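Encoded as structure tokens, the structure appears first; notes follow it.
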Amino acid sequence: MQSMSDYYSAVQLRTDRWSTIREKLGELERSPTSRRATGLRTEVSKLFEALETIERYWAFPGIAAFVHMRRQFENGNVSDVAFTVRRVTRALVSGAYRRRHIPLDRDSNDSDDHEDEALLSPDARALSKPYFEVMIVDDVNEHQERWLKANMTAMRRSEDAFTYEAVVVPSLQDALIGVLFNHNVQAIVVRPGLKYESTVSLPILKRYLNPAGGVDEMDEIRPEDYGVELCRLLAKVRPELDAYLVTDRSVEDIAGMDLGVCRRVFYNQEDFLELHLNILRGVQARFKTPFFTALKEYSKQPTGVFHAMPISRGKSISRSHWIQDMGAFYGPNIFLAETSATSGGLDSLLEPVGPIKEAQELAARAFGSKQTFFATNGTSTCNKVVVQALVKPGDIVLIDRDCHKSHHYGMVLSGAQVRYLDSYPLNEYSMYGAVPLSEIKHQLLKYKAAGTLDKVRMLLLTNCTFDGIVYNVERVMEECLAIKPDLIFLWDEAWFAFARFGPTYRQRTGMAVANNLREKFRSPAHQKAYDAQQIKLDGADDETLLKTRLIPPPNARVRVYTTQSTHKTLTSLRQGSMIHVNDQDFKGEVEASFHEAYMTHTSTSPNYQIIASLDVGRRQVELEGFEFVQRQVEAAMSMRRAISTHPLLQKYFKVLTAGDMIPEKHRESGVTSYYDPDQGWTDTWDCWENDEFVLDATRVTLAVGGTGWDGDTFKTKILMDKYGIQINKTSRNTVLFMTNIGTTRSSVAYLIEVLVEIAKSLDERLDDASKMERLSFERRVKNLVQDLPPLPDFSRFHDAFCAGSTDGEGDIRSAFFLSYEEDNCDYLELNGSLIDEMKTGREVVSASFIIPYPPGFPILVPGQVISQEILDFMRALDVNEIHGYRAELGLRVFTKEALERHAAKHTAAVVKGA
């Protein structure tokens, strides 16, 4: 039996404990008198003891059934217990208990053969009623618990859209543990008899209390307020859930209280039918998919198509003699739902008034925004929409130099004055981290000192980065707003849409922080803290301000936008994305320009299947996002542990830890790794709450330089071509494995098997290698592990594109369009004429974006001076793709004459404007 410290989560522990107890009982049943029998009985007894604490939080099989099993075992009924445990384990693994009643006694007519739910067709599974569990919080005895459950069960009706079972816990702490442990819970009934403290002492369960924050500081809360406080805490840890408060207090006492996720208050009554109907209505509100439902209904209608799209209703396919295979592959429904109509129950994405509008409003609720907008052509378009809506020519934008190329092109479209920010480099792994807060504050303070802070419009950062570096979003926003109280934030969360549905991750998302700051800024405590700091910092110099955690003024404006590639990390068809808005000035200042920008970049023929998938994806995350994200993290943690502890894999591979990817000064918690072979799993809550940067554990970066293959070769020639494993991101000596909500423990196991096979093959090759072959291998490894070119910072914009600049921000738009005139440009060879020109002292300026893959971001932008460091880095690159660079011609640069003409023209314009 594995140690408790081997498990990252109690869910994994529960699953494995049931599987282990099934195996032990099976062995004991087969050989009851063997030498191992006594030891097996002892092991099974310990497993039952370990499971009893856990099972109290689950409705299936239920604590009563579990206790009965344990008593049967203690009475020597091994065969009956083994039968029951097999039933329970199969039902838990297959999910059969969600779709039908599972009889646990041997005398039932239900055969084990019917329990394999995997044999059910998708249509059959879709017809079954969705199952969930309701947690009742009340300190009751065994008889009262049976009475409560019986009354809830008696309310079931055949016409109910869903079915549920109840589980009863006695305390506020147990309820918090329960909703973070049991992913089946969709509703909580809080009754007046609950107590505060849990009797559970299991550390792996007590850890679930951390996300609630301050749960141990309840001395000032009266017992009669425990129910209200629980509703408030539930809003913090599982905001998607519904709570129902049963109280004997007066309306006057409850009115005005923060009731968190409470949907309804029941006053001193046992109206189980009304409670039952409200529970179903609450789940239905999340289950509802307005546009997907409208599209399904439209597909059933008989229509005559005298419009665009011959493929609509599948007519152009069904009548074809040559493309029948397309219809056979996709099936009929996708074509029945394919249309360009916006009537007939459908809607327009550009001017939604019906089901699309409602679907976007439901998405806003799910993701915590004030407004949400769907996009059917990816987050690249979302980024351009937001930038164009908010930034006008001449506005200064502070932007992460390593961000996605769509942001750089957004700067071109908007005419922004761009001030690039440098991330900390990870030279050893040929990748960048993220932009330190001190760098951001430093730039803002420089603009403030120059008297041009009013021109700074936006801070644009990627969260999380491709490699999994996550900002302390709240701290960044607070300290920036302390310097510029109306600063707009655009967080590119293309890879972070899932984070909303994990309590640990949620606190570092743009929308969650925006809502927190709105509430915080209104509080008297914040006003007091701000006033005190202003007195303390009176006359402080910039060095002091950089070292101080600044507090923003209470009248600071919360203006936050996030863009999310829903299709990358949640359920959606490719290119399905969302824009989330939480801007206090959106209605008055931005709405009209946003609408125009949205119109500019959104197709008039959006794909309805993508919109429907966004609608359904939202339903999924509101009902099971917590479960899926939890399993995603578990899969990633299992992968990390398996690779980092395998003796053979350690010879050639290394899983990069937080200590490898985040410098110590940015990890205030001191946490270096999420797993240690001697100590087990690290509780990551403290670092996620306090550190400047944290590492998203679901993105596993594997250093492969020890294999002698560079990242790109390992990705394509080894993983993909030989084993069919798909990955995306590589660096010179690393590959990135991204888990998602579809990742299973089986897929993780397959990856480990593949890596072991690769390591074994390397061992065999080196065993048989000649001396020269070994030397060649060692040179390749050294080249990938030690001889790495330093990563260059952004150099600067040429003076010709900095007219009117106060701190080196550049007019990337004019540089971009200056290159449209062929006479303004020339080509210089990377290993020839470019070197010669730079040796003469000439400032050579790029005329285009240069984007090597990897790393996948521009190392040169139009108007940027080519530094010696950038030249050295480009010459050392050994990647196959460099967008913007033509090997047969060289690097496209501006001529001296073009730069001189442009500088003179823009200097004159600035003088005239002044």
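For region 735-841, with equal point scatterers placed on the C-alpha atoms only and solvent neglected, what are the log10 I(q)/I(0) values from the Debye formula at q = 0.14 1/Å, to two decimals?
For region 735-841 at q = 0.14 Å⁻¹, log10 I(q)/I(0) is -0.89.
What FRET efficiency would be calculated for the residue pair Thr600, Glu74, taking the C-beta separation as r and a Förster radius of 60 Å, to the nearest 0.05? If you can, show how the numbers build up before the last one.
Details: r = 72 Å, r/R0 = 1.21.
Once rounded, the FRET efficiency stands at 0.25.
Of the accessible area of region 140-253, with the probe set at 1.4 angstrom, what percent is carbon plus sulfur? If you can, show how the numbers build up before the last one.
Working: 2260 of 4780 Å².
Reported share for carbon and sulfur atoms: 47 percent.
If I model a spin label at His883 and Met720 as a point 7 Å from the Cα along the Cα→Cβ vector, what separation in nanometres do I get?
In this crude spin-label approximation the distance works out to 1.6 nm.
Between Gln650 and Phe272, how many nm apart are label points set 7 Å from Cα along the C-beta direction?
Result for the modelled spin labels: 5.8 nm.
So if I take the centroid of the Cα atoms in region 287-345 and the same for region 25-65, what is the distance between those two points in Å?
54 Å
Per the 1.4 Å probe, what fraction of the accessible area of region 809-854, in percent, lies on carbon and sulfur atoms?
Details: 930 of 2090 Å².
That fraction is 45 percent.
From the cross-link list Lys357/Lys568; Lys446/Lys520; Lys392/Lys896; Lys392/Lys587, which pairs have alpha carbons spaced over 21 Å apart?
Working: Lys357/Lys568 23 Å; Lys446/Lys520 28 Å; Lys392/Lys896 29 Å; Lys392/Lys587 18 Å.
As for pairs spanning more than 21 Å Cα to Cα, those are Lys357/Lys568; Lys446/Lys520; Lys392/Lys896.
With a cut-off of 8 Å between alpha carbons and a minimum separation of six or more residues, what is the relative contact order of the chain in percent? Walk me through the numbers on the way to the answer.
Values: 1503 pairs, mean separation 88.7, N = 914.
Relative contact order of the chain: 10 percent.
Please list, in order along region 709-714, the HN-Hα scalar couplings obtained from phi with the Karplus expression 6.51 cos²θ - 1.76 cosθ + 1.60 (θ = phi - 60°), rounded to whole Hz, x for Gly and Pro.
Computed from phi, the couplings for region 709-714 are 9, 6, x, 5, 5, 4 Hz.
Please give the calculated 222 nm ellipticity per residue for the chain, where each DSSP H segment of at least 4 residues contributes -39500 (n - 2.57) and the sum is spread over every residue; nearest 500 deg cm²/dmol?
On the way: 36 runs with 403 residues, N = 914.
That comes out to -13500 deg cm²/dmol.
Which FRET efficiency, nearest 0.05, do Ala328 and Arg156 yield, Cβ-Cβ r, R0 60 Å?
Values: r = 42 Å, r/R0 = 0.70.
It comes to 0.90.
What does the extension gain come out to for Asn377 and Ser747, with contour length at 0.36 nm per residue minus their alpha carbon separation? Walk me through the numbers before you get to the answer.
Numbers: separation 370, 0.36 × 370 = 133.20 nm, distance 2.95 nm.
Length gained between Asn377 and Ser747: 130.3 nm.
Run the lone-cysteine check on the chain: no other Cys C-beta under 4.7 Å from the residue's C-beta.
Lacking a cysteine Cβ partner under 4.7 Å: Cys382, Cys403, Cys464, Cys480, Cys687, Cys802, Cys825.
Taking a probe of 1.4 Å, how large is the accessible area per residue of region 793-871, in Å²?
Numbers: 3070 Å² over 79 residues.
For region 793-871, the per-residue accessible area is 39 Å².
Leaving ligands, DNA and RNA out of it, report the carbon-plus-sulfur percent of the accessible area of region 378-485 at a 1.4 Å probe.
Solvent-exposed carbon and sulfur of region 378-485 make up 50 percent of the total.
Can you list which of the trypsin sites (Lys or Arg not before Pro) found in region 225-264 are DSSP loop residues with at most 11 other C-beta atoms within 10 Å?
Working: sites: Arg232, Lys236, Arg249, Arg263, Arg264; in loops: Arg249.
Nothing satisfies the criteria.
Report relative contact order for region 181-276 in percent, whole number only (criteria: Cα-Cα under 8 Å, sequence separation at least 6).
Working: 100 pairs, mean separation 30.6, N = 96.
RCO, region 181-276: 32 percent.
So, in Å, what gap is there between the alpha-carbon centers of region 737-797 and region 422-494?
Centre-to-centre distance over Cα atoms comes out at 33 Å.
Full-extension gain between Ser31 and Leu350, please, as 0.36 nm times their residue separation minus the C-alpha to C-alpha distance. Each step should come with its number before you reach the end.
Numbers: separation 319, 0.36 × 319 = 114.84 nm, distance 7.00 nm.
My answer for the length gained is 107.8 nm.
Would you grab the residues whose amide H sits under 5 Å from the one on Ala166? Only those 5+ places off in sequence or on another chain, please, with H modelled 1.01 Å from N.
HN-HN under 5 Å from Ala166: Val134.
Would you mind putting 391-400, 669-678, 30-39 in packing order, based on average other-beta-carbon counts within 10 Å, highest first?
The densest-packed peptide leads the list: 391-400, 669-678, 30-39.
Treating only the Cβ atoms of Lys and Arg (+1) and Asp and Glu (-1) as charged, compute the dipole magnitude of region 456-528 about its Cα centre; round to the nearest 20 debye. Write down the numbers at each step before the final one.
Working: 10 positive and 8 negative charges, 64 e Å.
Its charge dipole is roughly 300 debye.
Sorted by mean Cβ packing within 10 Å, highest first, what order do the peptides 127-134, 465-472 take?
Numbers: 127-134: 16.6, 465-472: 24.2.
Final packing ranking: 465-472, 127-134.
How much length is gained on full extension from Arg901 to Glu664, taking 0.36 nm per residue of separation minus their Cα-Cα distance? Write down the numbers at each step before the final one.
Numbers: separation 237, 0.36 × 237 = 85.32 nm, distance 4.78 nm.
Residue separation times 0.36 nm, minus the Cα-Cα distance, leaves 80.5 nm.
Can you give the % of DSSP beta bridges in the chain that are antiparallel, to the nearest 5? Please list the in-between numbers first.
On the way: 40 of 80 bridges.
In the chain, DSSP labels about 50 percent of beta bridges as antiparallel.
Accessible area per residue of region 1-81 at 1.4 Å probe, in Å²? Working shown, then result.
Values: 3870 Å² over 81 residues.
Value returned for region 1-81: 48 Å² of accessible area per residue.
Sort the following peptides by mean Cβ neighbour count (other Cβ atoms within 10 Å, averaged over residues), highest first: 567-574, 515-522. Could the numbers behind the result be given before it?
Values: 567-574: 20.9, 515-522: 16.4.
Descending mean neighbour count gives 567-574, 515-522.
Compute the Cα gyration tensor for region 272-413, then decide on rounded, prolate or oblate, letting a ≥ b ≥ c be the square roots of its eigenvalues: rounded whenever a/c is under 1.5, prolate when a/b is larger than b/c in the other cases, and oblate in all that remain.
Numbers: a/c = 2.46, a/b = 1.22, b/c = 2.02.
Oblate, because a/c is 1.5 or more while a/b does not exceed b/c.
Let me know the charge dipole size of the chain about its Cα centre in debye, to the nearest 20, where only the beta-carbon of Lys, Arg (+1) and Asp, Glu (-1) is charged. Write out the running numbers ahead of the final one.
Details: 108 positive and 126 negative charges, 282 e Å.
For the chain, the charge dipole is close to 1360 debye.
For Glu428 paired with Ile221, estimate the spin-label separation in nm (one decimal), with each label point 7 Å from Cα along the Cα-to-Cβ line.
Using points 7 Å along Cα→Cβ, the separation is 4.4 nm.
In whole angstrom, how far apart do the alpha carbon centroids of region 405-421 and region 813-856 sit?
Cα centroid to Cα centroid, the span is 18 Å.
Helix 272-287 versus the longest principal axis of the chain: what is the Cα-based angle in degrees, 0 to 90, to the nearest 10?
30 degrees
Spelling out what I want: for every residue of region 95-106, take phi, set θ = phi - 60°, compute 6.51 cos²θ - 1.76 cosθ + 1.60 (Karplus), and round to whole Hz; glycine and proline get x.
After applying 6.51 cos²θ - 1.76 cosθ + 1.60, I find x, 4, 5, 6, 10, 6, 5, 10, x, 9, 9, 5 Hz.
What do you get for the angle between helix 473-483 and the principal long axis of the chain? Use alpha-carbon atoms, 0 to 90 degrees, nearest ten.
For helix 473-483, the angle is close to 40 degrees.
Tilt of helix 510-521 relative to the longest C-alpha principal axis of the chain, in degrees (0 to 90, nearest 10)?
Rounded to the nearest ten degrees, it is 90.
For region 119-267, what's the relative contact order in percent, using C-alpha pairs closer than 8 Å and at least 6 residues apart?
On the way: 222 pairs, mean separation 34.7, N = 149.
Averaging sequence separation for qualifying contacts and normalising by length gives 23 percent for region 119-267.
Provide the per-residue ³J(HN,Hα) series for region 73-85, in order, calculated from phi with Karplus coefficients 6.51, -1.76, 1.60 and θ = phi - 60°, each as a whole number of Hz, with x at glycine and proline positions.
5, 4, 8, x, 8, 4, 4, 5, 5, 4, 4, 5, 5
The values are calculated or read from the model by the stated rules, or taken from the named source; none is laboratory data. None of the values given here were measured: they were computed from a predicted structure. Neighbour counts are summed over all protein chains in view; Cβ atoms, including those assigned to glycine, are modelled from backbone coordinates with ideal geometry. The area values use the complete protein model at the heavy-atom level, side chains included, leaving out ligands, DNA and RNA. Shrake-Rupley method; radii C 1.70, N 1.55, O 1.52, S 1.80 Å.
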